[in-house]
Amino acid sequence: MGKNIHEVIVVGSGAGGGMVAHNLTQAGVNVVMLEAGRKYNPRTETNMFGLPSQSPLRGERTPDKQGGFYDATIGGGEIPGEPYTKGDGNGQYWWRARMLGGRTNHWGRKTPRYGPDDFKTYTNTGREIDWPISYEDIAPYYDRVDALIGVFGANETEAQHNAPVTPNHIRQSPPEPKITELVFAKACGELGIKTRAAETAILTKPLGDRAACFYATDCSRGCSTGAGFDSVLGFINPALKTGRLDIIADAMVSKVLMDKQNKKAIGVRYIDKTTGDSKDIFARVIILAASTMATSRILLNSNNKKSPRGLANSSGLVGKYLADTSGAFLILQIPALENLPAQNEDGVYEHHLYAPWWLHGKSKEKAGADFSGGYQTTIKNHRSGLPTMGKLATISSLKKGLYGKRLKQHMRYYYGTTAILYCLGAVSLNENCKLTIDPKVKDQWGIPVPKVDWTSSHEDYQRLLHMYESLHKIAQQMGAIVISDPSVALKQAGKITDPVGAVHETGGCRMGANPKTSVLNPWSQSWDVPNLYVADGAPFVTHPEKNPTLTIMALALRASDNIIKRLKENSL
Amino acid sequence: MTMIATDKPMISINRRRVLQIIAAGSAATLMDGGSLMAKSMERKSQGYGPDIDMNNPEVTWDKILTQAQLKTLTIVGDIIIPADETSPAASAFNIADFINEWVSAPYPTQQADKDIIVGGLLWLDQQAKQQQTRYFRNLSEDHQATIFDRLAQSVENEEVEVNQKEFFERLIYLFVGGFYTTPEGMADIGYIGNVPMAKFEGPSAEIRQKLGV
């Protein structure tokens, strides 16, 4: 037949795809990476210092640039020609970055570790289910990822129950807290809530050819100096240097191809977006790291006569139990910050300091919290980062009917005194959050699109109410005035009516110890198709309050170690 | 990325009401609107698209406001943001021209604002009629200020039609947003970031002491 059979195909180039490509190529394995978007170079394509006044519409969000003009993302929640359909419930916003490096080009770079309890929720609380792995299993991979990508964070002495930190010999020192964070931390301390430096993949010391952060500009624009970790500079460029990585960009994968016996994957089919042609490419091992929802979509679209429900789906669980970090916020005006000299609160853009969930390990009664998981809490002054029209409007609209010299005095006086106080929370395992294939709708490439049902649970609603209660307590302790409070509408509705929030989706191909109740084994390897692995957010079992990207990378590293071992053993 | 809206304004838009205001205008005041329509037939109205050269930002659409509309907008801008001892008036940085860019953009938010702003400018001319003048822009500064102050007062006292309230609030949003995102506007309110530094020191000891942190 003369067809070229590669060693490994990885679909996707973000946190998971980049990680496996890096690890495999370092170990001498040849990898072909398929990316649905174009090639992208953060070194040359970002405009880190561009001012709002130098861009169209002061850089505000538009349907073309849904994260704002300067945001690195090519794509977003709505992509022309690539729709998805909404089924039941409050919905989900499906953020997609069509570019090399994927969503790591604009992420918040927050890297909290999942804690021991997060992997054993059922054992500890009788709720949800356990992961097939423990913190001890994943901790060495967290250490390796932290060392590789470079993170700052708190001292080891500040580790808390279920909120571990990076070992001191690996972590970099954190920057000083911003002034508003200190006011927040003081109030938290008075309420018995501990705060610490926020684990973050931003360099405070140089690492390889990546510079230390210079404490200015918005990380979501991308980082041309490499201080903020992204997959291109951190994983893909070093992988390219080995000479063992080939990248095919503009390759929209539609399905995984199987052998005649339907036992082994032999390759993938993709649309070459530059020509519209359908092409097949072959390899010994296939790794899907297309992003949580795209990976489930590919597997379901890979159905055939022998696997009518979709590939790797004997459990029927592909696309099921999706989750996304929930969020709550208050907008505050903080009188304590009035009449102070101007402050530079840019820092590393996102927060330097936060309060990990403070009730882990407490009994339900003691915590007053009838839900699994918790939430993390932090604050950001509107003066952190360049002024935007929205942030300025928050200040101008503090008083109605204001104009003229009084308006100018008002802007001067209140600028720097307003902030967003917010939580990012867990969500509970939920059978009503799932992805199926819409039988009627195809995208512009002729690929059937996902239909997303997403009905947030009552437990998630209860957790949100608890967040708001805490936010109000902290705000009050800070002596702050609440100027915007979405909980009023939330309580009126009595349930969650909007997409939950953070675009940190996980699940859909969960790992487990039993092939009947999971899609993947504990190594992120398909139970049904042994040479098929998943290396994005899809293998996640539950969704704690911690940002998921570090765990995506740690699981991807672990999966690729397993692939290296099995390729050596010739057992794939 | 966190999709919680950290910087979205809390202002709603009612397009239909604003269209009603335009319809209620006299034939004379509709002339501006008429020329707007004619121009919009031939203008470039493409957005900048999803994949742009970030290092060469470019407005890809033509501006649609007439000279007369721009003049009125400039006058109103200097009432909203006049010169004071710290910074000049809105016209010093051509904020009316930025608003022209804004209302000409082919995106839904901006299209809704176009209706509000164009409708509101017609409404100002209607008010001028009560002063026996055809256009707001031809009134004396005192009369212009009086009309605008009456509008502001009615917004402050919440005794205002939804249409006029939206016009006022969108004007403030656009002039404040336009002005304080210029380098001089940012300096005025004390934004001192966006500069590289070797180390982030946090607040000074003096400020920490003052705040007890």
Here are the criteria: (1) under 18 Å from the mean Cα position of the chain (by Cα); (2) over 29 Å from A:G67 (Cβ atoms). Tell me which single one B:Q153 does not satisfy. (1)
Checking the conditions here, which among A:P167, A:P175, A:P206 is within 14 Å of another protein chain (Cβ to nearest Cβ) and surrounded by fewer than 18 Cβ atoms within 10 Å (Cβ to Cβ)? A:P206
What residue, among those in the range B:162-196 that are within 7 Å of another protein chain (Cβ to nearest Cβ) and within 17 Å of A:P341 (Cβ to Cβ), is nearest to the chain's Cα centre (by Cα)? B:M186
Please determine whether any residue of the range B:182-203 is under 17 Å from B:T74 (Cβ atoms) and surrounded by 21 or more Cβ atoms within 10 Å (Cβ to Cβ). yes
Checking A:K3 against (1) under 27 Å from A:Q444 (Cβ atoms); (2) of a type in the set (D, E, K, R); (3) more than 8 Å from chain B (Cβ to nearest Cβ), only one condition comes out false. Which one? (1)
Evaluation of A:Y70 against (1) buried (at least 23 other Cβ atoms within 10 Å of the Cβ); (2) more than 7 Å from every other protein chain (Cβ to nearest Cβ); (3) farther than 24 Å from A:A289 by Cα (one fails), failing number: (2)
Matching residues, the range A:383-404, being among the basic types (K, R) and surrounded by fewer than 24 Cβ atoms within 10 Å (Cβ to Cβ): A:K399, A:K400
I need the full set of residues from the range A:165-201 which are free of Cβ contacts under 8 Å to residues at least 60 places away in the same chain, in a loop (DSSP other than H, G, I, E, B) and not polar (S, T, N, Q), in order please. A:V165, A:P167, A:H169, A:I170, A:R171
Checking A:L407, A:L464 in turn, the sole residue that is among the aliphatic types (A, V, I, L, M), part of a helix (DSSP H, G or I) and surrounded by 24 or more Cβ atoms within 10 Å (Cβ to Cβ) turns out to be A:L464
Scan the range B:50-63 and tell me whether some residue there is free of Cβ contacts under 8 Å to residues at least 12 places away in the same chain, of a type in the set (D, E, K, R) and more than 13 Å from chain A (Cβ to nearest Cβ). no
Is it fair to say B:L70 is at pLDDT 95 or above, away from chain A (no Cβ under 14 Å) and not in a helix (DSSP H, G or I)? no
Search the range A:414-431 for residues being in contact with a strand residue (DSSP E or B) (Cβ under 8 Å, 6 or more places away or on another chain), part of a loop (DSSP other than H, G, I, E, B) and over 29 Å from A:A163 (Cβ atoms), and hand back the single one that is nearest to the other protein chains (Cβ to nearest Cβ). A:G416
Where the second residue is in a loop (DSSP other than H, G, I, E, B) and surrounded by fewer than 23 Cβ atoms within 10 Å (Cβ to Cβ) and the first is more than 9 Å from chain B (Cβ to nearest Cβ) and free of Cβ contacts under 8 Å to residues at least 60 places away in the same chain and lies in the range A:93-107, which pairs have Cβ atoms under 8 Å and are six or more apart or on separate chains? none
Strands (runs of 3 or more DSSP E) fully within the range A:312-389 counting 3 or more residues that are within 11 Å of chain B (Cβ to nearest Cβ) and at negative phi: A:326-333, A:375-381
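The values are calculated or read from the model by the stated rules, or taken from the named source; none is laboratory data. Since the model is a prediction, treat every value here as computed from it, not as a measurement. Cβ atoms come from the backbone with ideal geometry, glycine included; neighbour counts cover every protein chain shown.
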